[in-house]
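Have a look at the structure below before the remarks.
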Amino acid sequence: MLTFRGLDMIALPEAAALVAREHAVARSRRPRMPAAYTEPEHCRVALEKLLADGCIGVVAHGGQRCVGLMCGRTNDAVGFVPAHGLAVDPDLADATAVVVGLFAELAPILIRDGAVRFAIDHVDLDPLGAAFHNIGFGRGSVFAARPAGPTTTAIGVDIRIGTSDDLDSIAALSQIEFDHRSTPPIYATSTPRALNRTRELHERLLDDGAVHFLARRGGRDVGLLTLEFTSPAPRLCPNAGPHIGPTASHPAVRGEGIGRALVEVALDWADVGGHETVSVDFDSPNPLSRPFWLDLGFETMGYRVRRTIDASHAALAHADDQRGPEVHGSPISARPDESLDDPQPPRKTIGDRTSRRGNSSHAE
Ligand SMILES: CC(C)(COP(=O)(O)OP(=O)(O)OC[C@H]1O[C@@H](n2cnc3c(N)ncnc32)[C@H](O)[C@@H]1OP(=O)(O)O)[C@@H](O)C(=O)NCCC(=O)NCCS
């Protein structure tokens, strides 16, 4: 039988140990996964930070053992659980009961905080993925990684590193990616974004140290690959390592090797800079990006799964809230520290990457 309690300082060590144990199993299959999360102390510090940022956590026990953890918060109507806030005992052949129970405890709290959609990141372990499918979540984004170069293909394309003088080209190509992501069957972005806003976002990325590779052909800039140095999901993509952000080739030159050349130059650049791994995240329904990254040797580290809840549940939760505090009676629903009620939102960057591909990308 499963029992549930809130994640607090007492439950923190066993929850952290569970994340570390699950991560060790995932990493034995995917050696590119960040090593740090195999250490319980690292996981404990990461969980403590989530609580300090206003996340609410639930732990599950089966007998005496901690068998599950789910820890997240609501931001902009999205209930978001990062990969380092989620773990299920990797020895369980079927993780569904644990995931069902954890979500049943956490979701009402996040809904009361305004969530109508949920986004949960998880490592690529089969019982876990199947459990989320069983409770109605579907894949939205893939987090993937591969070794940095050196690559061997001859690069027959003129590629340079863009500067602030190139922001118009960078913005125009990034906009192509953003607009593409609103098309069927992806539907990852819904609100149009103005070109000047895309330009501002890349200006900020440049200031933050991002590297923009630009491909030129026939006197025109026709391809972009952005390397950022902030992980959208630190348990899945190494933090501070190169992470591929907005990438596009102009529709007129697609299928001519521009995209591959950009990736290979970026992999070589990362290798020369001493980085071992390059990561990326992309929308799983994107018919162009999925085969592109997988064919170029990127291996799946984890997924972002999504589920939408009928808005009437949020309205009901709100009505309950107005009726009085009796619904907040369980130790799970108590906030760890009401004074930390204005936490940092999950990272949002270019292209609304929390929803886009993971960042930043980002929770939605
Ligand atoms: C993804 C994208 C950047 C690829 O650029 P590209 O210049 O067409 O890529 P390339 O011509 O170098 O193709 C490289 C490889 O990708 C794969 N690929 C590219 N387009 C593909 C397609 N339509 N279907 C299947 N595989 C494809 C192939 O494996 C190809 O390998 P090959 O060189 O052995 O043929 C481009 O399609 C694009 O801009 N898409 C819209 C924006 C987008 O989705 N960006 C990625 C966001 S994560």
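The values are calculated or read from the model by the stated rules, or taken from the named source; none is laboratory data. Owing to the predicted nature of the structure, the values given are computational and were not obtained by experimental measurement. Cβ sites come from the backbone with ideal geometry, for glycine too, and all protein chains shown count toward neighbours.
Just to check your reading of the model, which residue among 109, 120 is β-branched (Val, Ile, Thr) and assigned to a strand (DSSP E or B)? Steps first, please.
Numbers: 109 fails: assigned to a strand (DSSP E or B).
Result: 120 is the single residue among 109, 120 that is β-branched (Val, Ile, Thr) and assigned to a strand (DSSP E or B).
Within region 2-17, can one find any residue that is buried (at least 19 other Cβ atoms within 10 Å of the Cβ) and under 16 Å from residue 302 (Cβ atoms)?
no
Return the pairs, sorted by first residue and then second, in which the second residue is of a type in the set (Ser, Thr, Tyr) and more than 10 Å from the ligand (Cβ to nearest atom), the first residue lies in region 172-195 and is in the same structural domain as residue 214 (by TED's automatic domain parsing) and part of a helix (DSSP H, G or I), the beta carbons are less than 7 Å apart, and the residues are 6+ apart or on different chains.
These pairs meet every condition: 174/198; 175/198; 178/189; 178/198.
So which pairs qualify, if the first residue must be in region 276-297 and among the basic types (Lys, Arg), the second must be within 8 Å of the ligand (Cβ to nearest atom) and at pLDDT 95 or above, the Cβ gap must be under 7 Å, and the two must be at least 6 apart or on different chains?
Pairs that qualify, where the first residue is among the basic types (Lys, Arg) and the partner is within 8 Å of the ligand (Cβ to nearest atom) and at pLDDT 95 or above, are 290/282.
Would a scan of region 241-251 turn up a residue that is modelled with pLDDT under 95, more than 9 Å from the ligand (Cβ to nearest atom) and not assigned by TED's automatic domain parsing to the domain that holds residue 125? Talk me through it step by step, then tell me what you get.
First, pick out the residues of region 241-251 that are modelled with pLDDT under 95: 241.
This time we only want the ones that are more than 9 Å from the ligand (Cβ to nearest atom), so: 241.
Now restrict to residues that are not assigned by TED's automatic domain parsing to the domain that holds residue 125: 241.
Yes, region 241-251 has at least one match.
Yes/no per residue for (1) modelled with pLDDT of 95 or more; (2) within 15 Å of the ligand (Cβ to nearest atom); (3) over 26 Å from residue 131 (Cβ atoms):
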residue: 259; (1), (2), (3): yes, yes, yes
residue: 291; (1), (2), (3): no, yes, yes
residue: 297; (1), (2), (3): yes, yes, yes
residue: 300; (1), (2), (3): yes, yes, no
residue: 305; (1), (2), (3): yes, no, no
residue: 308; (1), (2), (3): no, no, no
residue: 318; (1), (2), (3): no, no, yes
residue: 323; (1), (2), (3): no, no, yes
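From the list 190, 231, which residue is surrounded by fewer than 24 Cβ atoms within 10 Å (Cβ to Cβ), more than 15 Å from the ligand (Cβ to nearest atom) and modelled with pLDDT under 95?
Values: 231 fails: surrounded by fewer than 24 Cβ atoms within 10 Å (Cβ to Cβ).
Unique residue meeting the criteria: 190.
Can you name every residue in region 234-281 that is surrounded by fewer than 22 Cβ atoms within 10 Å (Cβ to Cβ), farther than 17 Å from residue 205 by Cβ and among the small types (Gly, Ala, Ser)?
252, 255, 257, 273, 274
Could you check how many residues of region 138-169 are closer than 25 Å to residue 310 by Cβ and surrounded by fewer than 22 Cβ atoms within 10 Å (Cβ to Cβ)? Quick ask: steps written out before the conclusion?
Quick first cut of region 138-169, residues closer than 25 Å to residue 310 by Cβ only: 138-141.
Next, from what is left, pick out any that are surrounded by fewer than 22 Cβ atoms within 10 Å (Cβ to Cβ): 138-139.
The total comes to 2.
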